[in-house]
Structures are given as structure tokens and as C-alpha cells.
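Beneath this line is the structure, given in C-alpha cells, with notes to follow.
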Amino acid sequence: MEHDIFFDGNVKEYSWSIKTKDKVADGADGALSSEFKNPYSTANSAITTTEIKSCDSNSEGKTYIANTTSVVTIKSCPADGESLLEGTVDIE
């Protein structure tokens, strides 16, 4: 399947398959890493596949994406000392 995704008004195409549902985090990392920069370290991506366990100076501005074959986990650290934002999305 092909879909369009918009970044800053520019259209980019990406492809995915239900046969690769265990690769969601890898796909998101590959598609988003160059587009979303860490606001606290603009030379670096905001997207990471290294788990964030708390909000500290090493994780501020980062968003972690991981998955199993049935759930995508997203964790984001808005700033050092703030609460870690966490959520999940079911893969069907």
C-alpha cells in the first residue's frame, strides 16, 4: 500500500505492508528521523528506538517508538524533569 504524508507542505510517499507489522518502529524511525529534530539538540533527530525510561537531560526532546506484532509503544519526553508522556496503539 502507498500513502502520502505531509511535512512542511511537502508530500512524501511511503509504503507499508500488513506483512511487516513487526517493523512499525523501524519504518517510523526511517520515515520521521530526518524530518523531526530534537528542539534541545537540533543537530539530532527527535525520534529514537532506544527506550526512554524517564525525562532527564539525556532524553528531553526525544520520542521513543517501539512495537511488538500487536502494539506500538510511544514515549516522549517534553523537557528535563517533566513527566514522561506514554501511549500505545493497537496493530490490527
*What residues of segment 54-92 lie in the reach of a label at Ser41, counting those whose backbone N is under 12 Å from a point 7 Å from the Cα along Cα→Cβ?*
56-63
*Where trypsin sites (Lys or Arg not before Pro) fall in DSSP loop in segment 22-66, at most 12 other Cβ within 10 Å*: Lys53
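Just round it to a whole percent: the fraction of Cα-Cα distances in segment 21-90 exceeding 13 Å.
Here the long-distance tail beyond 13 Å is 61 percent of all Cα pairs in segment 21-90.
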*Between Ala31 and Ser70, what FRET efficiency comes out of the Förster formula 1/(1 + (r/R0)^6) with R0 = 25 Å and r the beta carbon distance, rounded to 0.05?*
0.75
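Only the coordinates and a few stated rules stand behind these numbers; no lab work does. Everything numeric in this text was worked out from a predicted model, so none of it was measured. Neighbour counts run over all protein chains shown; Cβ positions are idealised from the backbone, glycine included.
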